[in-house]
Amino acid sequence: MSNLRLPKAGTIEVVPSILSSDFAKLADEIAEIESAGVKMVHLDIMDGHFVPNMTIGPPVVAKLRQHDHDLVFDCHLMITEPARFIESFAEAGANHMTFHIEVTDKPEEIIDKLHALGCTAGVCLNPDTPVEAIEKVAPLCDMVLVMTVHPGFGAQEFMPEAAKKIIRVREIVGPDIRVEVDGGIDPEKTPIVVSYGADTLVAGHAIFSQTDRVAAINAIRDAAK
């Protein structure tokens, strides 16, 4: 289990999502993005139930952790039973886990369990879910994730109305909790979501569709200034 933590709130962080990377050379892909100075990598965990796609589980996370000791593993649990699996992901090397509010009526218990495991905790909103669904638990988290696409697949179109929920989320959590945004983020969309209050920018297609991943990351950073 790694003891890395989320960067302290107040900095803009670009977080590459490996969903759009070349899975045949995943360790190399992560090494390349790390050379750009990123502090976090976004791991999309899909179970084929909550979303119509399947990706990686704890064994893959554990293998990646053997190759990397410095990146925060930001695991986005797009699964129907997060409480059942968070211990396995923590043991595999996940540092932060975000679960979906849509799958649980006991979010406080999941947050408490994540903290007890030594991980930071996040809660996520789908585009169709109102901010009110997380209003009580968001302040208990270390980061809140706002989806600006429907979860399950990469390279989707950014949803402007969903992004506007960032404004209300930031009002709820204040300046000391990170607000992450995921879905269609590129240099064009970055200034919009940053102006709303997002400080943690997940980008997959905008980075891994480019030959020069480092330049793609820097382009998003520059757009956030």
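Values in this text are rule-based calculations from the coordinates and carry no lab data. Computed from a prediction, not measured in an experiment: that's the story for all the values here. Virtual Cβ from ideal backbone geometry, glycine too; neighbours counted across all protein chains shown.
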Query raised in the report: Once the Cβ-Cβ distance between VAL214 and LYS106 is put in as r, and R0 is 45 Å, what FRET efficiency do you end up with, to the nearest 0.05?
Result: 0.60
**Report entry** Order by protection proxy (mean Cβ within 10 Å, highest first), peptides 62-70, 76-84
**Finding:** 76-84, 62-70
Query raised in the report: Which one of GLY183, GLY204, GLY37 has the biggest mean-square fluctuation once the chain is modelled by GNM with Cα springs under 10 Å?
Result: GLY37
**Report entry** Overall form of the chain per C-alpha gyration tensor (a/c, 1.5; a/b vs b/c)
**Finding:** rounded
Query raised in the report: Counting DSSP beta bridges with both partners in the range 74-156, what percentage is antiparallel, nearest 5?
Result: 0
Requested in this report: Return the calculated 222 nm mean residue ellipticity for the chain, to the nearest 500 deg cm²/dmol, obtained by summing -39500 (n - 2.57) across DSSP H runs with n ≥ 4 and dividing by the residue count.
Outcome: -9500 deg cm²/dmol
Query raised in the report: Could you name the aspartates and glutamates in cross-link range of LYS225, using Cα to Cα under 14 Å and dropping any fewer than eight places away on the same chain?
Result: GLU13, ASP186, GLU188, ASP199
**Report entry** DSSP beta bridge pairing in the range 1-140, given as percent antiparallel to the nearest 5
**Finding:** 5
Query raised in the report: Just ASN95, ASN53, ASN126 to compare: in a GNM of the chain, with alpha carbon springs under 10 Å, which one fluctuates most?
Result: ASN53
Requested in this report: Quick one: among LYS25, LYS39, LYS189, which has the greatest mean-square fluctuation in a GNM of the chain with alpha-carbon springs under 10 angstrom?
Outcome: LYS25
Report summary line: Answer in debye to the nearest 20: the dipole magnitude of the range 13-224 about its Cα centre, from +1 Lys/Arg and -1 Asp/Glu charges placed on Cβ, is 60
Query raised in the report: Among the lysines, which have Cα under 24 Å from the Cα of LYS106 when same-chain residues fewer than 8 positions away are ignored?
Result: LYS136, LYS165
Report summary line: Ordered by fewest other Cβ atoms within 10 Å, a rough proxy for footprinting exposure, PHE158, PHE89, PHE153, PHE99 read PHE153, PHE158, PHE89, PHE99
Query raised in the report: When you take every Cα atom in the range 1-114, what is the radius of gyration, and what is Dmax, the widest Cα pair distance, in Å?
Result: 13.8, 40
Query - Residues ASP222 and LYS25, FRET efficiency given R0 of 22 Å [Cβ-Cβ distance, rounded to 0.05] - result: 0.20
Requested in this report: Determine by what factor the alpha-carbon radius of gyration of the range 22-62 differs from 2.2 N^0.38 Å, reporting the quotient.
Outcome: 1.34
